[in-house]
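Notes follow the structure.
The values are calculated or read from the model by the stated rules, or taken from the named source; none is laboratory data. Quick caveat: nothing in here was measured; it's all calculated off a predicted structure. Every residue, glycine as well, gets a Cβ built from its backbone with ideal geometry; the counts of neighbours run over all protein chains shown.
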């Protein structure tokens, strides 16, 4: 038995480096394809950059520390899509993972959500109040794109879709006032960038309609790509998102903040619910600190809402160290003093200082959302509490902020 285990150990030692070298070889043999899709991928001063480009380089560096990053080829959308569909060792990004495409590729992501909208020049007086109104207009789409699929799916007649090969053609038609096109369907952020780059004055165009819910962008690998390689990329992306540096932020946070505005999000959590949850947890800690902290870290309700898991309690001590966390108990014992959000705000320090000085209050900051990719405005309510063990605790709960309606 001992000899068998020794043989297995020796064999494993010999095989593992071979597997690692093989994987590194597979990474270097991949053909990386992207399109002009700012702020996710775009060429500026002869250099490719953007969220998905920077993330890809981070992933490759995590898998192969000696790598100088990826060599990425810029192609029109349809060419990149078709090449990845038929050619082994190819990956195309970014691309929306729509149900119609899910089985056509192997996927790594998500990268970030996008919202598809309808753009129109103001002079065309395009008015869209509901889905039926879309069939009153001729809408430009890139042939075979996610926008074409989405519009067809929601009932826009195919004869109303003006299919072209690239975005530049659509924008030229819009600028010229061509009778061939009334509007354009595209993702909001990339569309605004493309229009501004074309020289169209912002006041000359409108975003006239949102098409459905946000969809997530991914990296699409050819179906013949080994599962182990796809998993390695996914694991590297997860690390890029989750691993926090000494400043309290991840590489993913920094990349998003570099290129994208922070978002608001509609959430079914009210300020009153947050305050009630903090008051309940505070009262329980006053009566039984050890038992309550244990239940919080066990993610038991009501400390983590079973109907809305984004509503949960977390607790600091006066040294800004987590002592209980109902959403991520692995943070227990982690000191957040001096840590900041991606804007540089030391919100945990501010929380504890505010609680010690004022007893209760709110703190605003920017954070990721486990249910969605991207950066979002968040606010948290805190309360200074003396536990049954005589120690002081700062009990907190938060919610993502919704955009305030004007007027």
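Name, by its number, the condition in (1) in contact (Cβ under 8 Å) with a residue 12 or more places away in the chain; (2) more than 19 Å from the chain's Cα centre (by Cα) that does not hold for residue 239.
Unmet for residue 239, out of (1) in contact (Cβ under 8 Å) with a residue 12 or more places away in the chain; (2) more than 19 Å from the chain's Cα centre (by Cα): (2).
Have a look at 131, 174, 151 and point out the one that is farther than 23 Å from residue 261 by Cα, at pLDDT below 90 and crowded, with 20+ Cβ neighbours inside 10 Å. Steps first, please.
Values: 131 fails: crowded, with 20+ Cβ neighbours inside 10 Å; 151 fails: at pLDDT below 90.
Criteria check complete, one pass: 174.
For the subset of the stretch 131-153 comprising residues that are assigned to a loop (DSSP other than H, G, I, E, B) and closer than 20 Å to residue 190 by Cβ, which member is farthest from the chain's Cα centre (by Cα)? I'd like the intermediate steps shown before the answer.
We begin by selecting, within the stretch 131-153, every residue assigned to a loop (DSSP other than H, G, I, E, B); these are 137-138, 143-145.
Subsequent filtering for residues that are closer than 20 Å to residue 190 by Cβ retains 143-145.
Details: 143: 26, 144: 24, 145: 21 Å.
Restricting to residues being assigned to a loop (DSSP other than H, G, I, E, B) and closer than 20 Å to residue 190 by Cβ, the top hit is 143.
Farther than 17 Å from residue 134 by Cα, exposed (fewer than 14 other Cβ atoms within 10 Å of the Cβ) and without any contact (Cβ under 8 Å) to a residue 12 or more places away in the chain - does that describe any residue in the stretch 188-196?
Checked against the condition, which is being farther than 17 Å from residue 134 by Cα, exposed (fewer than 14 other Cβ atoms within 10 Å of the Cβ) and without any contact (Cβ under 8 Å) to a residue 12 or more places away in the chain, the stretch 188-196 yields at least one hit.
Select from the stretch 161-171 the residues that are surrounded by fewer than 16 Cβ atoms within 10 Å (Cβ to Cβ) and at pLDDT 90 or above and write down the one among them that is nearest to residue 210 (Cα to Cα).
Across the stretch 161-171, the extreme among qualifying residues is 163.
Does any residue of the stretch 115-128 turn out to be without any contact (Cβ under 8 Å) to a residue 60 or more places away in the chain and within 28 Å of the chain's Cα centre (by Cα)? Show your work before the answer.
Here is the first cut: in the stretch 115-128, the residues without any contact (Cβ under 8 Å) to a residue 60 or more places away in the chain are 124-125.
Those still in the list that are within 28 Å of the chain's Cα centre (by Cα) too: none.
Scanning the stretch 115-128, I find no residue that is without any contact (Cβ under 8 Å) to a residue 60 or more places away in the chain and within 28 Å of the chain's Cα centre (by Cα), so the answer is no.
Between 296, 285, 255, which is in contact (Cβ under 8 Å) with a residue 24 or more places away in the chain, more than 24 Å from residue 343 (Cβ to Cβ), touching a helix residue (DSSP H, G or I) at 6+ places or on another chain (Cβ under 6 Å) and outside any strand (DSSP E or B)?
Unique residue meeting the criteria: 285.
Only one of these conditions is not met by residue 128: (1) assigned to a loop (DSSP other than H, G, I, E, B); (2) under 24 Å from residue 217 (Cβ atoms). Which number is it?
(2)
Checking residue 99 against (1) in contact with a helix residue (DSSP H, G or I) (Cβ under 8 Å, 6 or more places away or on another chain); (2) assigned by TED's automatic domain parsing to the domain that holds residue 77; (3) more than 22 Å from residue 34 (Cβ to Cβ): exactly one of these is not met. Which one?
(1)
Of 234, 214, which residue is touching a strand residue (DSSP E or B) at 6+ places or on another chain (Cβ under 6 Å), modelled with pLDDT under 90 and surrounded by 15 or more Cβ atoms within 10 Å (Cβ to Cβ)? Talk me through it step by step, then tell me what you get.
Numbers: 234 fails: modelled with pLDDT under 90.
Going through 234, 214 in turn, the sole match is 214.
Against the condition surrounded by 15 or more Cβ atoms within 10 Å (Cβ to Cβ) and either outside the structural domain of residue 236 (by TED's automatic domain parsing) or within 24 Å of the chain's Cα centre (by Cα) (or both), how does residue 36 come out, does it pass? Outline the logic, then answer.
On the way: surrounded by 15 or more Cβ atoms within 10 Å (Cβ to Cβ): yes; either outside the structural domain of residue 236 (by TED's automatic domain parsing) or within 24 Å of the chain's Cα centre (by Cα) (or both): yes.
Yes; evaluated as a whole, the condition is true for this residue.
If I go through the stretch 157-173 residue by residue, how many of them are within 23 Å of residue 76 (Cβ to Cβ) and not in a helix (DSSP H, G or I)?
Looking only at that region, the number is 6.
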